[in-house]
Amino acid sequence: MTIMSSKITCYLDCVSPYSYFALLHLEKNREVLALHNVEIDIVPVFLGGINVGSGNKPPWTLPAKGAYSKYDSARAKQYFGVPNTKTPSFFPILSLLPQRALGYIKETHPQAFVCAFLDVFRGMWEIGLDVSKPELLAQVLRDRFKEDEVGQIMENANSAPYKQRLNDNTKEALDRGAFGCPWFWVRNSKGEEEPFFGSDRFHFMWEYLGLPWQDVRLVAPEQAKAKI
């Protein structure tokens, strides 16, 4: 049997808090995944286009989902270690500008790309900045890039090639069955490929990749007391 390198392709949009949680978790496990010969590719997409292309609707458009989401969101914030995350008053945003900017950063500043993506997530979901506004996106980017670099990023984010790049990324995700974000396309060492959706399916993903992992284990009362 031919052993292939495994790969996780992750499609994310800064408008999605669960995309933020997913990227945090992938980065937390990046070194271990590399030891298992698993490559990670983070791809900026436009969630609005995925929703339109797949016929999906945002959770808050269904009252029952909207009511439940406050509980699920609070649990996820604690689990992923970002309790200060909050839904800003201007949510949702049209995320085209930041997503195009991230596409440019990925190509021209690959070493800074993931950190820049996390900066944009933090700017929106923790600091409360509307990163769809050019001046506020530039403010976030200045924490990592020089002023002239920020100018180049902002200029190219509005250029035809990077508008098309975001369109192409979004179409690729749709072609791979995406109906939301985070969306994952995973190839295991056998060359098999499957999609995964959401920030709470990593245990299924690890199993599919054939990686050693530990399941959630319930601890008996006497064991819990012994640890105190």
I'd like the carbon and sulfur percentage of the solvent accessible area for the chain, probe radius 1.4 Å, heavy atoms only, ligands and nucleic acids excluded. 54 percent
Sort out for me the Cα centre separation of region 168-216 from region 1-50, rounded to whole Å. 8 Å
What's the angle, to the nearest 10 degrees (0 to 90), between helix 63-79's Cα axis and the longest principal axis of the chain? 70 degrees
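Of TYR79, TYR20, which has the most accessible area with a 1.4 Å probe, and how do the rest follow in descending order?
I get TYR79, TYR20, largest accessible area first.
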By average C-beta atoms within 10 angstrom, highest first, the peptides 91-97, 116-122, 103-109, 154-160: 116-122, 103-109, 91-97, 154-160
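Relative contact order for the chain using alpha-carbon pairs under 8 Å, separation at least 6, rounded to a whole percent? Don't skip to the end; give the middle numbers.
On the way: 300 pairs, mean separation 70.7, N = 228.
RCO, the chain: 31 percent.
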Working from Cα positions, state the angle (0 to 90°, nearest 10) between the long axis of helix 17-28 and the longest principal axis of the chain. 60 degrees
Would you mind putting 21-27, 60-66 in packing order, based on average other-beta-carbon counts within 10 Å, highest first? 21-27, 60-66
Residues with beta-carbon under 12 Å from that of ASP72, excluding ASP72: net charge, scoring Lys, Arg +1 and Asp, Glu -1? +3
State in Å² the accessible area per residue of the chain; use a 1.4 Å probe, count heavy atoms of protein chains only, and round to the nearest integer. 55 Å²
Take peptides 174-181, 40-47 and line them up by average Cβ neighbours within 10 Å, highest first, as a rough protection proxy. 40-47, 174-181
Any idea what angle helix 160-175 forms with the longest principal axis of the chain, computed on alpha-carbon atoms, 0 to 90 degrees, nearest 10? 30 degrees
Of all DSSP beta bridges located in the chain, what percent are antiparallel, nearest 5? 60 percent
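The values are calculated or read from the model by the stated rules, or taken from the named source; none is laboratory data. Note that the structure is a prediction, hence the values are computed from the model and not measured. Methodologically, a virtual Cβ is constructed for each residue, glycine included, from the backbone with ideal geometry; neighbour enumeration extends over all protein chains shown. With ligands, DNA and RNA removed, areas are computed over all heavy atoms of the protein, side chains included. Shrake-Rupley method; radii C 1.70, N 1.55, O 1.52, S 1.80 Å.
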